[in-house]
């Protein structure tokens, strides 16, 4: 399972040095991204490095779980209530429908919420710092920590599993 670590850098040059240090120890290029204030992102951060996702994926996972559970309970309740006459196939259908509706509603709501890194380090971003976000296996991230810090980046308290790893 991949984990996410976050580093703060005072400018784009140090952010590039931190990314290069991470690459040298084995962090894949597509597992490195940058977060910055919007005016800095527009001027200095390449499009392929921007973190633009919100809380979409975590919200979708919560939605499919909770919606599926609600659909299952509704289906089982309908089986118990004899006049409705729902079969086990109906229970499966209500479970699938509940999961679909839960996923859609939660993902829609989650897409409007900023990602967890942006929420937690809003002050760093507003001060004009550029955040370097690294996703990887814990052992590789531990190897990268020293070289990334030596490049001038400051480690921030964020050690969280990524949702889609």
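The values are calculated or read from the model by the stated rules, or taken from the named source; none is laboratory data. Nothing here was measured: the structure is a model prediction, and the numbers come from that model. Don't worry about glycine lacking a Cβ; one is built from the backbone with ideal geometry, like all the others, and counts go over all protein chains shown.
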*Would you be able to say whether some residue in the range 24-47 is part of a strand (DSSP E or B), at pLDDT below 70 and under 26 Å from residue 120 (Cα atoms)?*
no
*asked:* I want to confirm something. Restricting to the range 5-28 and keeping residues that are touching a helix residue (DSSP H, G or I) at 6+ places or on another chain (Cβ under 7 Å) and farther than 19 Å from residue 142 by Cβ, which single residue is surrounded by the fewest Cβ atoms within 10 Å (Cβ to Cβ)?
replied: 12
